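The values are calculated or read from the model by the stated rules, or taken from the named source; none is laboratory data. This structure is a prediction, so every number in the text was calculated from the model and none was measured. Positions of Cβ are backbone-derived with ideal geometry, glycine not excepted, and every protein chain shown enters the neighbour counts. Keep in mind that these areas ignore ligands, DNA and RNA; they rest on the heavy atoms of the full protein, side chains included. Shrake-Rupley method; radii C 1.70, N 1.55, O 1.52, S 1.80 Å.
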Amino acid sequence: VPTPAAAQRGRTFIFFIDDLHLNADSAGRTRKTLERFIEQEMTPRDQVALVSASGQIGFLQQLTDNKAVLRAALARLHPIPYVVLDRDQPPMTEFIAIRILNGDRDARDFYAEELLRKSFRPSKGINRSALYETVKNRANQILVSLENVTSSSLASLENLLRTTGQIPGRKLIFFISDGFYLDTKNSIGAANDRLKNVTNTATRTGSVIYTIDA
């Protein structure tokens, strides 16, 4: 049962927008959803903050009951798609790269055959081990880039949670993202450790995180 002071204080909402994993369409839907919340669902006693993983909202990332400030913060939100420098053909998606590093031979063999075909060399006498290593190196480069972006998102969320520890009462944090992969062979330990830090920090600061697929 909320105490009279808590009822008077109202609710605390923090929308963490993972703009590092948000395409243009998702960013548009996110903007419309937050506009609707600000205009129709936010009450005068509520404290609301819009925070982005990239920090592009800047000094407007603050708890406020002022709708004009929140509108200005929302106007700064734009997608910042991560770029993986992979110019080879056929394209290798992050999911396929994960499959290759996790031992999917069919995926590995497909890209190895394409690599061989583009070299215009007969398959006889080709060092298959070297060919497979080239494919795995390509997959690894893709995932290293993706892991850096994911680490940045989770680090921003963790920093936000630490800051919310100074705010009394329970905080509701809505994590809005297109999502990202965590189950890569090389980075699963680091990703899980980062995620564990996020959940532990949320517990210590009285924050409840809800994830929303943008």
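Points to keep in mind about this one:
- Residue check: MET92 meets all listed conditions (1) farther than 28 Å from ILE173 by Cβ; (2) modelled with pLDDT under 90; (3) open to solvent by 60 Å² or more (accessible area, probe 1.4 Å) but one, namely (3).
- Only listed residue being touching a His at 6+ places or on another chain (Cβ under 7 Å) and among the small types (Gly, Ala, Ser), chosen from SER152, SER177: SER177
- Residue identified as open to solvent by less than 40 Å² (accessible area, probe 1.4 Å), farther than 30 Å from ASP25 by Cα and either at pLDDT 85 or above or not charged (D, E, K, R) (or both) among LEU131, LEU146, LEU172: LEU131
- Applying the set (1) surrounded by 16 or more Cβ atoms within 10 Å (Cβ to Cβ); (2) touching a residue at least 24 places away in the same chain (Cβ under 8 Å); (3) closer than 25 Å to THR30 by Cα to GLN61 leaves exactly one unmet item: (2).
- Cross-chain or 6+ apart pairs with Cβ under 8 Å, the stretch 6-26 first and farther than 26 Å from GLY206 by Cβ and charged (D, E, K, R), then modelled with pLDDT under 90 and assigned to a helix (DSSP H, G or I): none
- Enumeration of residues in the stretch 64-89 that are polar (S, T, N, Q), open to solvent by 40 Å² or more (accessible area, probe 1.4 Å) and at pLDDT 85 or above: ASN66
- Among residues of the stretch 103-128 that are modelled with pLDDT under 90, those with a Cβ under 7 angstrom from a residue that is of a type in the set (Gly, Ala, Ser), sequence gap 6+ or separate chain, pair up as LEU116/SER123.
- Leading residue by the ranking (surrounded by the most Cβ atoms within 10 Å (Cβ to Cβ)) among those in the stretch 21-32 that are more than 9 Å from ASP178 (Cα to Cα) and not acidic (Asp, Glu): THR30
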